[in-house]
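Structure, as structure tokens:
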Amino acid sequence: MKRFLLTLWNDLLGLFYPRICGACGAPLIDGEELLCLYCLFELPRLSYHRYPDDENPLRNIFAGCSSVRQVIAYLHFQKESYVQHLIHEFKYHKNERLAIYIGRLAAEDLQRDGYLTDVDLFVPVPLHPRKMRQRGYNQSERVARGMASVYHHPIDTTSLIRHTYTKTQTRKSAYERRQNVKNVFSVAHPERLAGHHILLIDDVLTTGSTLLNCIDALRNVPDLLISIFVVSTVI
Ligand SMILES: [Zn+2]
């Protein structure tokens, strides 16, 4: 009886909130959760983190940063692709559960393969408070939550802060992006980060300007190691 009521409830919910895949938009069938099985298996997962450091194109972006250890991107981002749709779903269409889900999927793969085992604190790239109010949540923090459900590390959302409001980056050139995020981050509580190996978490890596500016803001934190995880990259 209980199971019947639960199924009925899910069917009723489905009438109001159709269950569709967060990447390709196909209707989900029983047993599928947020992504259809096709997308779950066929999403373009990247493996740059398996390359030697000098052959990892993501690692090269951060070559001048002595505190940076691992740089990991989960999916390959292309315009008009399922990955773009997925990112837009959790960034602009309030599908925060999808961000948590993707964080968990990525973390399950990485933990199984022995990556990020010496990280001890997750630090999502912060949004400006105004953008946070508009969006309702920080998508990178939701990704961090998904990852934390696997790694069980705490998430720090108060030490690294974004104190300047920046307009969206998507239509800017690489130079404009770098200028746009220069000096927009600062560290409110360096003592909370000191001595840690943090994982900086962001949704999309294009030129790396946002993350490079975060790393610059963190440069005076004593004994800090930094690894980087992005859900997707155009590289
Ligand atoms: Zn799908």
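The values are calculated or read from the model by the stated rules, or taken from the named source; none is laboratory data. These figures come from a predicted structure and were not determined experimentally. Reconstructed Cβ throughout: ideal geometry from the backbone, glycine too, with neighbour counts over all protein chains shown. These area figures cover heavy atoms from the full protein model, side chains too; ligands, DNA and RNA do not enter into them. Shrake-Rupley method; radii C 1.70, N 1.55, O 1.52, S 1.80 Å.
Determine the relative contact order of the chain: mean sequence separation of Cα pairs under 8 Å and six or more apart, normalised by residue count, in whole percent.
22
Relative to the present Cα-Cα distance, how much length would full extension add between residue 67 and residue 19 at 0.36 nm per residue of separation? Each step should come with its number before you reach the end.
On the way: separation 48, 0.36 × 48 = 17.28 nm, distance 4.31 nm.
In short, 13.0 nm is gained.
In deg cm²/dmol, rounded to 500, what helix-only [θ] at 222 nm does the chain give when every DSSP H run of at least 4 residues adds -39500 (n - 2.57) and the total is split over its residues?
On the way: 10 runs with 94 residues, N = 235.
So the calculated ellipticity at 222 nm is -11500 deg cm²/dmol.
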Next on the checklist: In the chain, if the dipole is taken from +1 on Lys/Arg beta carbons and -1 on Asp/Glu beta carbons about the Cα centre, which of 84, 226, 49 is farthest to the positive end?
Outcome noted: 84
Item to check | Cα centroid separation, the stretch 37-52 to the stretch 84-157 (Å) | outcome: 17
Checklist outcome for this item: For residue 19, other-chain or 5+-apart residues with amide H closer than 5 Å (H placed, Pro excluded) are 28
Checklist outcome for this item: Nearest-0.05 FRET efficiency for residue 40 and residue 133 at R0 = 41 Å, using Cβ-Cβ distance, is 0.80
Next on the checklist: Within 12 Å, Cβ to Cβ, of residue 122, how many net charges do the neighbouring residues add up to if Lys/Arg are +1 and Asp/Glu are -1?
Outcome noted: -2
Checklist entry - Going by average Cβ neighbours within 10 Å, how do the peptides 112-119, 198-205 rank, with the highest at the top? => result 198-205, 112-119
Next on the checklist: At 1.4 Å probe radius, can you tell me the per residue accessible area of the chain in Å²?
Outcome noted: 54
Next on the checklist: How large a share of the accessible area of the stretch 40-151, in percent, is made up of carbon and sulfur atoms when the probe is 1.4 Å and the other protein chains stay in place?
Outcome noted: 46
Checklist entry - Taking θ as phi - 60°, what are the ³J(HN,Hα) couplings along the stretch 205-221 by the Karplus curve (6.51, -1.76, 1.60), each to the nearest whole Hz, with x for Gly and Pro? => result 10, 10, 9, x, 4, 4, 5, 4, 6, 4, 4, 4, 5, 8, 5, 9, 6
Checklist entry - If the label point is 7 Å along Cα→Cβ of residue 189, which residues in the stretch 138-161 have backbone nitrogen under 14 Å from it? => result 154-161
Checklist entry - Using Cα atoms only, what is the angle between the long axis of helix 82-92 and the major principal axis of the chain, expressed in degrees (0 to 90) to the nearest 10? => result 80
Item to check | Other-chain or far-sequence residues with amide H under 5 Å of residue 224's (modelled H) | outcome: 195
Item to check | Dipole magnitude (debye, nearest 20) for the chain, charges at Cβ of Lys, Arg, Asp, Glu | outcome: 980
Next on the checklist: If each residue of separation counts as 0.36 nm, what is the full-extension length gain between residue 157 and residue 48 once their alpha-carbon separation is subtracted?
Outcome noted: 36.5 nm
Checklist entry - Considering lysine pairs in the chain that are 8 or more places apart or on different chains, how many have Cα atoms under 23 Å apart? => result 15
Next on the checklist: For the chain, take the longest principal axis of its alpha carbons; what is the angle in degrees between that and the long axis of helix 139-151, to the nearest 10 within 0 to 90?
Outcome noted: 80
Item to check | Order by protection proxy (mean Cβ within 10 Å, highest first), peptides 62-75, 133-146, 214-227 | outcome: 133-146, 62-75, 214-227
Checklist outcome for this item: For the stretch 97-102, in residue order, the Karplus 3J(HN,Hα) values (coefficients 6.51, -1.76, 1.60; θ = phi - 60°; whole Hz; Gly and Pro = x) are 4, 5, 5, 5, 4, 5
Next on the checklist: Using only the alpha-carbon atoms, what does the stretch 44-233 span along each of its principal axes? Please give whole angstrom values in decreasing order.
Outcome noted: 40, 37, 30
Checklist entry - Roughly what would the spin-label model give for residue 219 and residue 108, points 7 Å off Cα along C-beta, in nm? => result 4.1
